[in-house]
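Here the structure is laid out as structure tokens; the discussion comes afterwards.
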Amino acid sequence: MRKTWHWRFFVVFAVFLLGLTACSSSTSNDKDGKDTKTTQKEDISKFPMTVKNDGKIVDGVLNYGLVSDTPFEGTLNYAFYEGDPDFKILQFFDEPLFHFNEDYEITNDGAATYELSDDKKTMTIKIKDNVKWHDGEPVKAEDLEYAYLVIGHKDYTGVRYGDALMQDIVGMEEYHSGKADKISGIKVIDDKTLTITWKHANPSVLTGIWAYPLPKHYLKDVPIKDLAKSDKIRKHPIGFGPFKVKKIVPGESVEFVRNDDYWAGKPNLKGVILKVVSPQVVLQALKKGEIDVAEFPTDQYVSAKGTKNIQFVGKIDLSYSYIGFKLGRWDAEKQENVMDNPKFQNKKLRQAMAYAINNKEVGDRLYHGLRFPATTLIPPSFPSYHDKNAKGYTYDPEKAKKLLDEAGYKDVDGDGFREDPNGKKFVINFLAMSGGDIAEPLAKFYMQCWKDVGLNVQLVDGRLAEFNSFYDMVQNDDPKVDVFAAAWGTGTDVDPYGLYGRNVMFNFSRWVNVKNDELLEKGHSEQAFDKEYRKKIYNEWQALMNEEVPVIPTLYRSIIYAVNNRVKNYSADIDPFIWKWKDVGVTSEKPEVAQ
Amino acid sequence: MLKFILRRIMMMIPQLFILSVLVFLLAKAMPGDALTGQLASNPKIDAQTLEEMKEKLGLNDPVHVQYARWMKNLLQGDLGISYIHKQPVNDLLAGRMWNTILLSAAILILTYMIAIPLGIVSGRWTDSWADKLIVGYSYVSFATPLFIFALIMLFIFGFKLGWFPTGGSVDIQVEKGTFAYYLSKLNHLLLPALSGALINTVGTIQYLRSEIIDTKVKDFVKTARAKGVPESSIYWRHILRNSFLPIAAFLGYEITGLIGGSIFLESIFSYPGIGQLFLQSILQRDYSVVTALVMISGLATLIGTLLSDIILSAVDPRIRIE
């Protein structure tokens with residue numbers, strides 16, 4: 001029940017139109033773009049990044065809407081939280097020691113500065129003197145060390161230890177297995193200085209280093225296995241961010257007050273009140289001025305734009321949707337992907353399937369342009385690494401047919417579907433996930449597209465799969481699945497190794513390739529600290545992936561925020577650049593209300 | 001009577017045991033586990049760590065071992081740890097359950113407050129315009145889906161008229177324990193409770209109405225009339241008392257329903273309760289929460305039926321439990 005009912009009808013209507021016009025014939029008039037009545041297309045690049053407000057900031061409280069149809073979990077610590085709602089609370093009261101640039105690489109503008117050794121394996125971190133926890137204690141080097149000691153501990157209940165960089169720290173494995181009681185690669189030099197040494201030089205440390213200290217003086221009495229459930233994290237958490245937590249009503253709201261001792265200066269807002277708002281009523285709450293800021297559900301944008309008292313800002317999200325081919329299986333013994341499934345080994349078949357789908361149509365019709373065709377596996381939200389010149393696969397059914405003919409997939413028995421090169425029936429089993437109103441039309445649309453080029457594609461088990469069964473089948477290489485549609489959130493680390501490497505389980509297509517191994521290795525080698533070099537390598541990698549298409553990148557996503565007119569200095573990139581909350585202010589005591 | 005109650009309670013033990021086995025096996029039979037969600041949200045975790053975490057959570061043990069461990073804790077009143085919420089299920093439920101009971105009790109009270117007078121009116125003056133109106137309302141409310149009705153109520157009374165707060169269970173800025181705090185709680189409760197109650201009345205109205213119509217023509221009523229008992233006292237003393245029997249009998253079940261919560265109301269009004277928690281726990285494979293909730297509602301249902309029987313025997317002298 002995520003949307004209101006009239007929305008549902010609209011989607012049904014849209015499906016209807018899609019079915020009628022989109023992929024099935026080449027004579028429909030939307031090819032030349034005349035059919036504008038049903039297509040309300042938005043363009044995320046036309047959204048401003050920062051709100052416009054020339055007023056003078058007054059001392060006021062901001063109301064933040066946490067858009068979710070469920071209560072937040074309330075694990076309020078960076079080392080332990082898992083759900084995004086908890087992050088939306090964390091951003092106000094705690095932050096990483098480092099700021100970072102638009103490529104998410106750390107800089108020296110934050111609460112700490114860093115320096116890398118000549119061999120790039122050791123980082124010296126110096127915490128600035130005026131950085132203090134909310135209880136007045138200074139943030140010390142041992143606090144950061146403590147964070148590593150907690151995450152690496154065998155009793156730790158969170159998921160952060162799974163990160164490759166975390167395990168690459170010298171002495172981490174020994175500590176994790178209980179052989180050592182300290183991590184030998186982390187040294188506290190003095191109160192404010194600490195060094196971390198990794199086994200390998202990897203440019204991903206600049207984006208992926210763990211820089212969230214834990215207040216040791218506050219938490220050290222709680223056993224590590226009890227930390228996540230302790231009141232010190234759930235009810236009275238402290239951090240060193242611009243606001244302090246004053247009060248929490250579990251699952252529904254949080255009250256923050258200004259941290260006057262914030263290291264970067266006094267924040268503009270007197271306080272923030274965060275409350276959970278159901279996506280069904282978020283627009284009304286914004287119109288009435290009950291909330292000033294909210295991440296806005298993109299599927300409601302069309303009915304919301306033009307609202308007088310709010311502005312929209314937006315950006316491209318750090319994620320992409322894709323369609324993957326099952327090319328093999330995961331060998332858990334050897335911790336390695338094995339490419340032994342013959343069905344889709346022919347590259348031309350994969351390319352043909354990529355040419356056959358019309359992602360532009362999907363983005364425009366189902367998402368009003370707020371999702372748009374993906375061209376590579378590194379989204380544009382990595383401005384330095386996304387290859388802007390990459391073409392990707394644009395809709396070209398004729399080319400798809402030609403490629404299929406060349407590959408030997410021809411319709412020999414005249415039933416309208418192509419047979420495989422041996423003349424046997426060729427049925428492709430497609431696994432798609434349920435959830436949301438668009439899931440079903442989307443899957444149907446892709447299947448129609450493939451049918452148009454003569455491929456017989458059927459849904460696995462004849463229906464959409466629920467989230468858990470979906471990943472259960474994909475992860476365990478269920479032989480029922482040939483092709484699957486999924487999505488990845490990339491996080492801020494550009495390195496694609498964790499999703500496409502030979503030895504990683506999340507390489508769901510199980511595609512392995514020597515050239516790929518080499519490029520991924522180079523991409524996080526010592527040499528890749530040279531940004532130009534790294535860019536070149538990742539451009540090559542994007543080209544390789546587009547050529548080989550083990551997965552077809554399908555759509556990039558937008559993320560938009562609705563902001564009341566009284567708010568100043570709010571920008572769409574405040575996640576992940578959360579220290580910008582300090583500058584956000586309001587220019588009147590009362591929010592603007594729509595008439 | 002006491003013997004009856006004791007026997008019923010003894011019978012609950014095997015019933016609950018069977019329920020526990022079924023629930024546990026079914027929960028485990030669902031594809032995926034609590035860590036599956038990690039795949040979508042956090043690709044920065046390696047296969048080994050996932051495996052290690054499964055081991056730590058005991059997900060790799062044979063099912064009977066997991067069941068025995070769960071049962072042992074259950075008997076000690078420990079419902080386990082929620083993986084998703086990272087806190088003991090007992091604590092998690094304590095917070096949510098209180099909210100849910102408040103909301104459901106408010107719905108129940110409002111339902112009776114609305115339905116009983118309406119049922120009486122429409123039963124007493126059958127086929128009058130008031131009766132037609134009431135029956136009409138009860139049918140419409142029966143046909144209205146809660147998630148649309150609650151939204152409409154919220155838009156009109158919350159956003160347009162601004163009479164009620166639009167979400168949450170309490171205003172965060174009032175001090176806990178003060179009078180204003182309880183007032184704020186009540187204020188937050190009214191609109192969702194009213195939304196739930198207004199379309200929940202059909203059963204009570206119809207039961208009451210048809211019982212009254214039935215009783216109206218019974219012989220003892222005719223006798224009373226013939227003896228010249230005033231009409232109002234016939235209704236109050238003779239007809240109504242008898243007509244309340246099915247509603248009284250149902251009360252036991254209704255009390256059980258208090259802990260179920262409502263997915264739609266909770267989601268629309270951002271009200272943290274049991275309904276959403278149950279749904280989310282199933283979707284996220286938070287086994288300990290799912291099994292705990294099913295066991296609790298199973299127990300509540302058994303107690304509810306028992307209560308219903310007891311109430312019925314108390315109010316209806318014709319029924320005797322031996």
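What follows is calculated from the coordinates using simple rules that are stated; it is not laboratory data. Everything numeric in this text was worked out from a predicted model, so none of it was measured. Every residue, glycine as well, gets a Cβ built from its backbone with ideal geometry; the counts of neighbours run over all protein chains shown.
The mean sequence distance of close C-alpha pairs (under 8 Å, at least 6 residues apart), as a share of the length of the range A:194-335, puts its relative contact order at 10 percent. Semi-axis lengths, largest first, of the ellipsoid equivalent to the protein assembly as shown are 51, 36, 30 Å, with √(5λ) applied to each eigenvalue of the Cα gyration tensor.
Simple spin-label estimate for B:Gln15 and A:Lys360 gives 6.5 nm between the two label positions (7 Å along the Cα-to-Cβ direction from each Cα). For A:Val170 and B:Asn73, a Förster radius of 30 Å and the Cβ-Cβ distance give a FRET efficiency of 0.15, rounded to the nearest 0.05.
Here B:Leu186 and A:Lys182 are evaluated by their C-beta separation; at R0 = 41 Å the FRET efficiency comes out at 0.15. In this simple spin-label model, placing a label point 7 Å from the Cα along the Cα-to-Cβ direction at both A:Asp405 and A:Ser434 gives a separation of 4.1 nm. Relative to a virtual label point 7 Å from the Cα of B:Thr178 in the Cα→beta-carbon direction, which members of the range A:225-269 show backbone nitrogen distances below 19 Å? Inside the label zone: A:246-250, A:253-258. For the range B:97-319, a simple Cβ point-charge model (Lys and Arg +1, Asp and Glu -1, everything else neutral) yields a dipole of about 580 debye relative to the Cα centre. Dividing the summed helix terms, -39500 (n - 2.57) for each DSSP H run of n ≥ 4, by the number of residues in chain A produces a 222 nm estimate of -7000 deg cm²/dmol to the nearest 500.
Which residues in the range A:278-318 place their backbone N less than 20 Å from a point set 7 Å from the Cα of A:Lys270 along the Cα-to-Cβ direction? The answer is A:289-293.
At 0.36 nm per residue, minus the direct Cα-Cα distance, what do A:Ala332 and A:His236 gain on full extension? Give it in nm, one decimal, please.
30.4 nm
Using a Gaussian network model of chain B in which every pair of alpha carbons under 10 angstrom is joined by a spring, one finds that among B:Gly203, B:Gly32, B:Gly80 the greatest mean-square fluctuation is at B:Gly32.
Where the centre of each part is set by its Cα atoms, how far does the range B:258-322 sit from the range A:137-196, in angstrom? Between the Cα centres of the range B:258-322 and the range A:137-196 lies a distance of 46 Å. The calculated 222 nm mean residue ellipticity attributable to helices in chain B amounts to -22500 deg cm²/dmol, summing -39500 (n - 2.57) over DSSP H runs of n ≥ 4 and dividing by all residues. Counting neighbouring Cβ atoms within 10 Å and putting the fewest first, the residues A:Ile310, B:Ile239 line up as B:Ile239, A:Ile310. Rounded to the nearest 20, the size of the Cβ-charge dipole of the protein assembly as shown about its Cα centre is 3020 debye, with Lys and Arg at +1 and Asp and Glu at -1. Taking the charge dipole of chain A about its Cα centre, with +1 at Lys and Arg Cβ atoms and -1 at Asp and Glu Cβ atoms, the residue from A:Gln475, A:Phe100, A:Val257 reaching farthest to the positive side is A:Val257. For B:Val315, A:Val563, the sequence from fewest to most other C-beta atoms within 10 Å is B:Val315, A:Val563. Computed on chain A, with alpha-carbon pairs under 8 angstrom and 6+ residues apart, the relative contact order is 22 percent.
Mind checking which of B:Leu57, B:Leu258, B:Leu102 has the largest fluctuation in a GNM of chain B, springs on alpha carbons under 10 Å? In this elastic network of chain B, the residue with the biggest mean-square fluctuation among B:Leu57, B:Leu258, B:Leu102 is B:Leu57. Among A:Met49, A:Met545, sorting on how many other beta-carbon atoms sit within 10 Å of each Cβ, with the fewest leading, yields A:Met49, A:Met545. Assuming R0 = 51 Å, what is the FRET efficiency of B:Lys227 and A:Ala594, from their Cβ-Cβ distance, to the nearest 0.05? The pair B:Lys227/A:Ala594 has a calculated efficiency of 0.15.
Membrane-span-like helices in chain B (whole DSSP H runs, Cα extent of at least 20 Å along the helix axis, mean Kyte-Doolittle hydropathy of at least 1.6): B:2-29, B:287-315. When a/c reaches 1.5 or more, the comparison of a/b and b/c decides; with that in mind, is the range B:15-75 rounded, prolate or oblate per its Cα gyration tensor? It comes out prolate by the Cα gyration axes. With bins 5 Å wide beginning at 0, the percent of Cα pairs of the range B:255-322 falling in each bin runs 4, 17, 18, 17, 14, 9, 8, 7, 5, 1.
Okay, which of the range A:62-103 sit inside 12 Å, backbone N to the point 7 Å along the Cα-Cβ direction of A:Asp573? A:100-103, by backbone N distance to the label point.
With 10 Å bins beginning at zero, the pair-distance distribution over Cα atoms of chain B amounts to 5, 19, 24, 24, 17, 7, 3, 1, 0 %.
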